[in-house]
1. Could you identify the single residue in V247, V242 that is within 22 Å of T138 (Cβ to Cβ) and open to solvent by less than 60 Å² (accessible area, probe 1.4 Å)?
2. All but one of (1) part of a loop (DSSP other than H, G, I, E, B); (2) at negative phi; (3) not polar (S, T, N, Q) hold for G25; which doesn't?
3. Any residue in the range 158-179 that is within 10 Å of V148 (Cα to Cα) sitting within a Cβ distance under 8 Å of a residue that is surrounded by 19 or more Cβ atoms within 10 Å (Cβ to Cβ) and small (G, A, S)? List the pairs, counting only those 6 or more apart or interchain.
4. Need the failing condition index for A195 against (1) modelled with pLDDT of 95 or more; (2) more than 19 Å from G296 (Cα to Cα), just the number.
5. For the range 131-152, give me the residue count where each residue is of a type in the set (V, I, T) and either open to solvent by 30 Å² or more (accessible area, probe 1.4 Å) or more than 19 Å from Y174 (Cα to Cα) (or both).
6. Output yes when any residue across the range 64-72 is out of contact with any Leu (no Cβ under 7 Å at 6 or more places or on another chain) and part of a loop (DSSP other than H, G, I, E, B), and no when none is.
7. Kindly provide the set of residues from the range 26-50 that are out of contact with any strand residue (DSSP E or B) (no Cβ under 8 Å at 6 or more places or on another chain) and either without any contact (Cβ under 8 Å) to a residue 12 or more places away in the chain or within 12 Å of V5 (Cα to Cα) (or both), ordered by number.
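The values are calculated or read from the model by the stated rules, or taken from the named source; none is laboratory data. Quantities reported herein were computed from a predicted structural model and do not represent experimental measurements. Cβ placement follows ideal geometry from the backbone for every residue including glycine, while neighbour counts extend to all protein chains displayed. SASA here: full protein model, heavy atoms, side chains in, ligands and nucleic acids out. Shrake-Rupley method; radii C 1.70, N 1.55, O 1.52, S 1.80 Å.
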Amino acid sequence: MIVEVAAAVIERPDGSFLLAQRPTGKVYAGWWEFPGGKIEAGEPAERALARELREELGIEVQTAYPWICRVHVYEHATVRLNFFRVTRWRGEPYAHENQRFVWQRLDAPIVEPMLPANAPVLASLALPLEYAITDAQTIGAAEQLALVEARMKAGLRLVQVRDKENWERKRLIYVVTSMARQYGARVLVNGGPAADGIHFSAAQLMLLRARPAAGPNGALIAASCHTVDELGHAMAIGLDFVVLGPVKATASHPGATLLGWDGFRRIAEGASIPVYAIGGLRPADLDEARRAGAHGLAMVSGSWS
């Protein structure tokens, strides 16, 4: 039997998030976790989240985005953690159950001990909300590099060098990677070779029998998906994230079957890894994408216009 749990990543604008310490008398007492609690039979996960945070911390949830789901087998139970990212709430968190809590940042030492189920969650949480994809073929290499640098200066932290057919591809990879080192960003290369990781096409993904060992330690492995089967395979072999689409019409794929937000939601629901929405999207689509279960937006022209 799987115990369903609603778990909250309660996030402040400064990037810190709330961790709570399990109180004395509970299993794993003294270990740190994301706040939340058991979903009752027939109870929607979002309603359970609001109830648990009201009881546990005395706050009223105002905005909560469905995120990832992680299954973990403990000695006492198998638990499915349905994570939500809570960005707005009313009230100041207060430890109603006398537990300790901290506002944690990813760039600071993580409190210990953490519940075993949470290590992959922290890695997923480190991924930014935007995944920018180069299009030097259309924009021109010089203009593309200027835009990459301007966006990295402004805070862009995840880029894919996609331009497979561009004769200047090696130079693009080299310069974008050098910029990323300067600004603390990460670069994936479509199909390889790895910089900070590799992004595979859907066709390449389905040929993989296991997560490839590529690039330096901590390299990111990602892929494009269009179907439930492709997303399921990406999860099964342990990729770090995927992009799913197209959600809307794009000039580069004029005849593609569009998912729309309902189709995106149906495929992404319950994913164990972050899923970026892609296809004809702009920054203004972020809120709708997150409500549909997206981690964030993967954009080509939307990142550079």
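1. Details: V242 fails: within 22 Å of T138 (Cβ to Cβ).
Every option except V247 fails the conditions.
2. Going through (1) part of a loop (DSSP other than H, G, I, E, B); (2) at negative phi; (3) not polar (S, T, N, Q) one by one, G25 breaks only (2).
3. The qualifying pairs are V159/A132; V159/A180; V159/A185; V176/A195; M179/A185.
4. Against the list (1) modelled with pLDDT of 95 or more; (2) more than 19 Å from G296 (Cα to Cα), A195 comes up short only on (1).
5. Narrowing the range 131-152 to residues of a type in the set (V, I, T): 133-134, 138-139, 148.
Retained after the next criterion (residues that are either open to solvent by 30 Å² or more (accessible area, probe 1.4 Å) or more than 19 Å from Y174 (Cα to Cα) (or both)): 138-139.
Adding up the residues that qualify gives 2.
6. No, every residue in the range 64-72 fails to be out of contact with any Leu (no Cβ under 7 Å at 6 or more places or on another chain) and part of a loop (DSSP other than H, G, I, E, B).
7. First, the residues of the range 26-50 that are out of contact with any strand residue (DSSP E or B) (no Cβ under 8 Å at 6 or more places or on another chain): 26-29, 40-44, 47.
If the condition is that a residue be out of contact with any strand residue (DSSP E or B) (no Cβ under 8 Å at 6 or more places or on another chain) and either without any contact (Cβ under 8 Å) to a residue 12 or more places away in the chain or within 12 Å of V5 (Cα to Cα) (or both), then K26, A29, E40, A41, G42, E43, P44, R47 are the ones that fit.
Table: residues versus (1) over 20 Å from the mean Cα position of the chain (by Cα); (2) among the basic types (K, R).
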{"residue": "R88", "(1), (2)": "no, yes"}
{"residue": "H96", "(1), (2)": "yes, no"}
{"residue": "F101", "(1), (2)": "yes, no"}
{"residue": "A123", "(1), (2)": "no, no"}
{"residue": "A126", "(1), (2)": "no, no"}
{"residue": "Y131", "(1), (2)": "no, no"}
{"residue": "G140", "(1), (2)": "yes, no"}
{"residue": "L147", "(1), (2)": "yes, no"}
